[in-house]
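Working notes, beginning with the structure itself.
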Amino acid sequence: MALYEIALQVVPVLMIALFLDARTAAHPPLRARVQNRLYVGLCVGAFAVSLLVVAGVLRSGQATDAVVIAALTGCIILMAAQAWRHSSDVGRGRVTPGRDARLPGEQDQT
């Protein structure tokens, strides 16, 4: 039961992290958009299964454990890939921290 309760606490935090990261890019490439959709799907799947198990609608078993563990692992891998890509872009001068973190439609203050 602890796995499902932890998933119910971790998944919203992962979704907030994705939302904040997605706000920094004005027009993300197709690969990033597909990755974000996969990320959201995995998070929703883990959250839904966990909620149903905690509520007593589904029985806890190997299949539900596997779904939640796989979804959370996938979310963490996708988040790590985004962080890796972002850190490599900053290091190569493609992204200027702070300046490129504006919301779409904001004007440059310089």
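The values are calculated or read from the model by the stated rules, or taken from the named source; none is laboratory data. These numbers come from a predicted model, not from an experiment. Please note: Cβ atoms are built from the backbone with ideal geometry, for glycine as well, and neighbour counts cover all protein chains shown.
Table for the structure above
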quantity	calculated
Qualifying positions in the range 27-82 - within 11 Å of the chain's Cα centre (by Cα) and charged (D, E, K, R)	ARG37
Some residue of the range 59-66 being surrounded by 18 or more Cβ atoms within 10 Å (Cβ to Cβ), in contact (Cβ under 8 Å) with a residue 12 or more places away in the chain and not aliphatic (A, V, I, L, M)	no
Residue in the range 23-32 that is buried (at least 16 other Cβ atoms within 10 Å of the Cβ), part of a helix (DSSP H, G or I), at pLDDT 85 or above and not hydroxyl-bearing (Ser, Thr, Tyr) present	no
